[in-house]
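The values are calculated or read from the model by the stated rules, or taken from the named source; none is laboratory data. In this text the structure is predicted, and so the values were computed from the model without any measurement. Virtual Cβ from ideal backbone geometry, glycine too; neighbours counted across all protein chains shown.
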Amino acid sequence: MEDVKVDEDGNVKVEGIDVSGLEDGELTLTATLTDEAGNEGEEKTDRVNKDTGAPDLNVEDKETNNTTPTITGTSDQPDREVTVTVDGKDYTTTTDGNGNWSVDIPEENELPEGDYTVEAKITDDAGNTTCRG
């Protein structure tokens, strides 16, 4: 370990533990603190979730003559915010409980005839981000 800090409330922050060789999933951390006089404190255990995998995110390919289309897609992340960018404008939506999402292009942002790239972005609880487009 490189750095262990205890604040005035007794909360411990440990940095420098290399868990890169461990698989994603629940990790159990056990610690015992020893003061400068050699007195050992009570052993404490905590569990954390290691998640280094980016979330799945898909944007449905669509050809349409509709100038205010509905853009749809899926993710493996239920109830998460998705930012969809079309023609330089951002639209925000939320995946449903099954990871499905959709966003309607409003009439005031009607798209003239042409080809458009749709970009979508989602971030999971661990801060892993996926962009598609």
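In this structure, does residue 112 turn out to be in a loop (DSSP other than H, G, I, E, B) and either touching a residue at least 40 places away in the same chain (Cβ under 8 Å) or in the same structural domain as residue 24 (by TED's automatic domain parsing) (or both)? So residue 112 fits the description; yes. The condition (being farther than 29 Å from residue 28 by Cβ and not basic (Lys, Arg)) is satisfied by just one residue among 128, 66: 66. So residue 57 ticks every box in (1) surrounded by fewer than 10 Cβ atoms within 10 Å (Cβ to Cβ); (2) touching a Cys at 6+ places or on another chain (Cβ under 9 Å) but one. Which box is left unticked? Every listed condition holds for residue 57 apart from (1).
In the stretch 68-87, of all residues being modelled with pLDDT of 95 or more and part of a loop (DSSP other than H, G, I, E, B), the one that is surrounded by the fewest Cβ atoms within 10 Å (Cβ to Cβ) corresponds to 79. Tallying residues that are of a type in the set (Asp, Glu) and within 12 Å of residue 91 (Cα to Cα) within the stretch 104-133 yields 2. Within the stretch 13-61, can you find the residues that are in contact with a Lys or Arg (Cβ under 9 Å, 6 or more places away or on another chain) and hydrophobic (A, V, I, L, M, F, W, C)? Hits for the stretch 13-61 are 14, 19, 22, 27, 29, 31, 33, 57, 59.
If you check every pair at least six apart or on different chains, which have Cβ atoms under 7 Å apart with a residue in the stretch 117-128 that is at negative phi first and a residue that is outside any strand (DSSP E or B) and among the hydroxyl-bearing types (Ser, Thr, Tyr) second? The qualifying pairs are 128/52.
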